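The structure under discussion appears below in the form of structure tokens.
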Amino acid sequence: MNRKWAYGLAGVAVLAVAGFMIFQALSTSLVYFILPNEHAADPAQYDGRRIRLGGIVTPGTIAFDERELQLTFLVTDGLVAYPVRHSGAPPELFKESTGVVVEGRFDDGTFVSDNVLVKHTEVYVAEGDHIDLELLRESLK
Amino acid sequence: MDLSLGTLGSAASALALGLAVYALIAGIAGAVRRDARLQTSARLTAVAVFLAATTAVIVMQAALLTDDFSVKYVAEHSRIDSPIWVKVVTLWAALEGSVLLWAWLLTGYTAVLALTTPNHALRPWALVIMQGVQVFFLGVVALVANPFVVLANPPFDGPGANPLLQNHWMMAVHPVLMYLGFVGLTVPFAFAMAALITRRPGTEWMQLTRRWTLAGWGFLTAAIIAGGWWSYEVLGWGGYWAWDPVENVSFMPWLTATAFIHSVQVQERRRMLKSWNVLLIVLTFALTILGTFLTRSGVVSSVHAFGDGPVGPVFLGFFVLVTLLSLGLVAWRWDQVRDRAELDAAVSREGAFLLVNVVFLALTFMVLIGTLFPLIVEAVNGARVTVGAPFFDVVSLPMWMLVLLLMGIGPLLPWRKAETQSLARNLAWMTGGLVLAAGGALAFGLREIYPVLTIGLAGWNLVSLGLLLVGAVVPRARLTGRGLATTTMRYAFEQRRKVGSMVVHFGVVVVALGIAASSGYRTDVQLRLPYGEPVAFGQYELQALAPFSERGAGRVSVGVEVAVFQGGRQVDLLRPHINAFGNSSMTVPTAAVRYTLGHDLYLSVAGAVDPTADGVIMRVIQSPLVTWIWFGAVILALGTVWTLVPPRGPAPAVVPAGATGRARA
């Protein structure tokens with residue numbers, strides 16, 4: 001019987017360590033999906049964290065440096081706009097007023113991205129500043 | 001009432017469902033009342049169900065191949081100018097069709113089981129379970145997600161299959177392998193349940209299904225690696241595994257099935273782990289259903305969740321039902337499956353198997369948590385999160401190392417209790433292999449912990465395999481006086497299970513090396529390649545020649561020809577391009593890969609091909625030993641096949657059921 005207890009205890013210990021490791025790793029590798037205004041509301045929360053920032057490419061802000069392969073543009077949700085810098089070519093179908101989700105980190109007010117995903121959205125930014133945030137969130141899913 | 005393909009297909013699936021319901025009821029009645037005639041009727045009906053389901057599949061293929069857009073599924077997923085192979089595989093390119101395929105394979109397996117399983121006490125109930133699962137799937141086809149719905153106003157043409165699926169022939173193979181695996185693992189589940197119902201918790205159920213289990217596991221393994229290769233060639237980021245929910249849900253049943261095929265051996269040899277084995281196979285089967293729910297219901301978003309609809313909740317319901325019923329059954333029969341034998345010593349074959357089981361279960365738990373966590377977070381505070389690949393890597397890598405470590409020790413340990421002297425000698429040899437391999441890696445300049453550890457453990461495992469083979473062959477050769485080569489050949493043919501498992505483990509080592517090297521040491525850059533000018537990349541010079549565009553069946557490709565030079569000599573011509581299918585606005589960048597044994601050179605067009613520009617921007621990736629993963633997979637598959645081929649000579653007879661089946665005929 002003693003032996004059974006020993007194995008049981010060993011098993012519980014292994015599971016406890018594994019569980020601890022899992023939650024430790026989870027807390028550090030969660031990637032939040034947010035809109036620019038959500039970041040502006042509480043920038044400290046996302047400081048240095050990897051996030052997925054969603055929004056619309058502000059018309060007239062796209063610039064691409066062919067030599068250095070640096071893509072810059074503004075991403076907006078109608079309330080807040082942030083500059084994005086991406087190392088690499090603009091993906092196909094990337095254009096003004098299209099929905100994008102960029103992955104990366106904020107560095108000194110600029111979002112440094114390593115992945116730009118183009119999303120087809122029904123949200124238009126051209127007429128005025130108002131954007132239906134729920135619709136935007138949903139369409140960037 | 002005209003006889004369109006749609007009505008014909010609906011009729012065939014309704015007929016299949018009706019027959020399956022009859023077979024289920026007759027089967028239950030026959031099993032409960034031990035009525036051999038009812039049992040036979042249920043068995044023969046299984047064949048009729050299969051024929052009806054086959055008719056449904058043939059009708060769907062006819063509709064796809066003749067572009068019959070009055071059938072909803074064809075109208076929504078096919079297209080006139082697609083090539084024939086795409087039309088054929090469109091059967092499983094979307095949800096309704098893939099459920100039909102799954103159901104059809106299940107009816108096939110059930111029919112084969114009904115005809116070939118020897119008359120054994122477990123057979124009636126095992127078939128009842130198979131029929132029950134079959135009723136569910138055929139019910140989904142006929143009632144919930146009927147692909148044969150007839151459209152009143154059929155369109156002239158459809159949108160075609162999902163571009164990502166059309167883009168690679170692997171899509172013709174990968175899903176079929178996956179479903180063959182899932183369905184194959186339903187068989188041991190059915191027999192386990194039958195064993196509980198009939199109070200025969202011994203090893204019969206696992207011996208009767210050994211081949212089905214191994215074949216199912218082999219198909220699932222092949223499916224997962226084939227899916228990895230598909231991602232590698234199609235998704236354009238030069239990787240093969242992203243811990244995406246769709247990948248994860250196919251991986252979880254694989255993990256539990258792998259644990260299962262090891263722990264059943266403990267029960268066969270030591271009569272231990274009875275309840276554990278039943279629970280593992282329940283878990284495996286339940287996870288295949290849960291996975292389908294998660295990826296088909298849209299609750300977990302994924303880069304390749306193909307379609308959603310009312311099928312999700314139905315699968316969730318079935319998952320809950322299966323889990324409750326089977327766990328209830330285990331609880332009800334608990335004193336039958338309670339272990340009476342005890343572990344004699346932790347350092348023994350069964351000890352190692354038990355430990356590796358715990359590790360596999362922990363891995364399953366990790367994948368499940370990582371996959372479900374976004375749901376939990378969203379439910380708790382509404383935040384939308386994804387769990388990044390780093391989580392899975394950080395948590396799983398130590399466990400994979402443990403798996404490799406145990407894979408080397410386990411097969412060398414004897415059952416019951418290891419003799420310390422021979423164990424110490426073996427461990428010394430293996431540690432030598434580990435130190436040598438890891439030292440070599442360090443001397444070679446590798447510094448990252450996990451690749452170095454993996455290489456070390458590869459050495460450890462190779463020595464272990466060598467010791468196993470030498471330990472088996474040398475005494476035999478000495479005894480018989482035959483040469484070593486002849487003895488090895490004879491041994492390989494006589495001891496297929498042992499040799500097959502060695503080959504599989506060798507395949508695992510090769511795959512592990514491929515994964516370690518390619519994830520630890522890849523170069524991934526974007527380069528601007530001006531036309532006509534060579535650009536240096538590592539040991540290569542890449543020269544973009546000119547853009548091209550071409551038309552295939554239902555497809556337009558735009559790309560760039562890139563000459564690859566090495567040491568001033570052209571060694572390859574790669575054609576990375578972007579495919580557009582039909583009217584779909586979605587385009588698929590299609591990478592071009594130079595495969596070599598040492599490393600792959602992977603080119604993918606970044607952005608767009610602008611014919612007016614004087615160059616193109618290319619994503620260029622070099623990753624070492626990727627091909628080893630695919631080679632290792634082939635070795636793994638061969639090893640699995642080797643264990644499955646029946647040995648020559650009279651097969652060990654299965655204990656007949658005695659009088660139970662025919663008792664009251």
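Nothing in this text is a laboratory measurement; each read-out follows from the coordinates by a stated rule. All figures in this text were calculated on a predicted structure; none of them were measured in a lab. As a convention, Cβ positions derive from the backbone with ideal geometry for all residues, glycine included, and neighbour counts pool all protein chains shown.
If you average the sequence gap of Cα pairs under 8 Å that are 6 or more apart and divide by the length of the range B:359-477, what percent do you get for the contact order? All intermediate terms of the calculation are to be shown ahead of the outcome.
Numbers: 87 pairs, mean separation 29.0, N = 119.
24 percent.
Quickly estimate the mean residue ellipticity at 222 nm for chain A, helices only: each DSSP H run with n ≥ 4 gives -39500 (n - 2.57), and the total goes over all residues, rounded to 500.
-9500 deg cm²/dmol
Find the relative contact order for the range B:162-410 and round it to a whole percent, using C-alpha pairs within less than 8 Å whose residues are 6+ positions apart. Spell out each step's value before the answer.
On the way: 305 pairs, mean separation 47.8, N = 249.
In percent, rounded to a whole number, it is 19.
Which of the three applies to chain A, rounded, prolate or oblate, going by the alpha-carbon gyration tensor with a ≥ b ≥ c and a/c under 1.5 meaning rounded?
On the way: a/c = 3.09, a/b = 2.45, b/c = 1.26.
It is prolate, given that a/c is not under 1.5 and a/b is the larger ratio.
Using helices alone, what [θ] at 222 nm do you get for chain B, with -39,500 (n - 2.57) per DSSP H run of 4 or more residues, divided over all residues and rounded to the nearest 500?
Working: 21 runs with 407 residues, N = 665.
Calculated mean residue ellipticity at 222 nm is -21000 deg cm²/dmol.
Output the relative contact order of chain B, whole-number percent, from Cα pairs under 8 angstrom with separation of 6+ residues. Could the numbers behind the result be given before it?
Details: 1158 pairs, mean separation 84.7, N = 665.
Here the relative contact order equals 13 percent.
Under a crude label model (7 Å from the Cα following the beta-carbon direction), how far is A:V80 from B:R269 in nanometres?
Simple spin-label model gives 6.1 nm for this pair.
Give me the number: length gained by fully extending B:T523 to B:R490, i.e. 0.36 nm times residue separation minus the C-alpha to C-alpha distance, one decimal in nm.
Values: separation 33, 0.36 × 33 = 11.88 nm, distance 4.61 nm.
Additional length available on full extension: 7.3 nm.
If we count every other residue with Cβ under 9 angstrom of A:I34's Cβ, Lys/Arg +1 and Asp/Glu -1, where does the sum land?
Working: positive: A:R52, B:R384; negative: A:E38.
Value of the local net charge: +1.
How big is the range B:162-410 by Rg and Dmax over its Cα atoms, in Å?
18.7, 57
Is the C-alpha gyration tensor of the range B:123-173 telling us rounded, prolate or oblate? Criteria: a/c under 1.5 is rounded; beyond that, a/b larger than b/c is prolate, otherwise oblate. Write down the numbers at each step before the final one.
Working: a/c = 5.32, a/b = 1.62, b/c = 3.28.
Here the range B:123-173 falls in the oblate category.
Going by Cα centres, the range B:128-205 and the range B:1-79 are how many Å apart?
The two parts, judged by their Cα centres, are 13 Å apart.
Specify whether the C-alpha gyration tensor of the range B:1-150 places it in the rounded, prolate or oblate class, a ≥ b ≥ c being the square roots of the eigenvalues: rounded for a/c under 1.5, otherwise prolate if a/b is larger than b/c and oblate if not.
Working: a/c = 2.97, a/b = 2.35, b/c = 1.27.
Prolate, since a/c reaches 1.5 and a/b exceeds b/c.
List, largest first, the extents of the alpha carbons of the range B:523-626 along their principal axes, each in whole Å.
The principal-axis extents, from largest down, are 42, 30, 21 Å.
In nanometres, what is the gap between the two model label sites at B:T480 and B:T7, each 7 Å from Cα along Cα-to-Cβ?
With each label placed 7 Å out from Cα toward Cβ, I get 6.7 nm.
Between A:T72 and B:V320, how high is the FRET efficiency from 1/(1 + (r/R0)^6) when r is the Cβ-Cβ distance and R₀ = 51 Å? Nearest 0.05.
0.50
Can you give the net charge of the other residues whose Cβ lies under 13 Å from the Cβ of B:R43, counting K and R as +1 and D and E as -1?
For residues surrounding B:R43, the net value is +1.
Are there any helices in chain B, counted as whole DSSP H runs, that stretch 24 Å or more along their axis by Cα and score at least 1.6 on average by Kyte-Doolittle, and if so which? Write out the running numbers ahead of the final one.
Working: long enough: B:5-32 (40 Å, 1.81); B:36-65 (43 Å, 1.39); B:95-116 (31 Å, 1.37); B:174-197 (35 Å, 1.77); B:210-234 (35 Å, 0.38); B:245-270 (37 Å, -0.02); B:274-296 (34 Å, 1.34); B:311-332 (31 Å, 2.22); B:349-381 (47 Å, 1.73); B:389-409 (29 Å, 1.92); B:420-443 (33 Å, 0.82); B:449-480 (46 Å, 1.38); B:496-520 (35 Å, 1.11); B:626-644 (28 Å, 1.78).
In chain B, the long hydrophobic H runs are B:5-32, B:174-197, B:311-332, B:349-381, B:389-409, B:626-644.
Mind computing the radius of gyration and Dmax over the alpha-carbon atoms of the protein assembly as shown? Å is fine for both.
Answer for the protein assembly as shown, Rg first and Dmax second: 28.6, 92 Å.
Let me know the number of lysine pairs in the protein assembly as shown closer than 24 Å at the Cα, not counting same-chain pairs under 8 apart.
9
Which distance in Å, rounded to a whole number, links the C-alpha centroids of the range A:1-62 and the range B:520-596?
After rounding, the separation between the Cα centres reads 37 Å.
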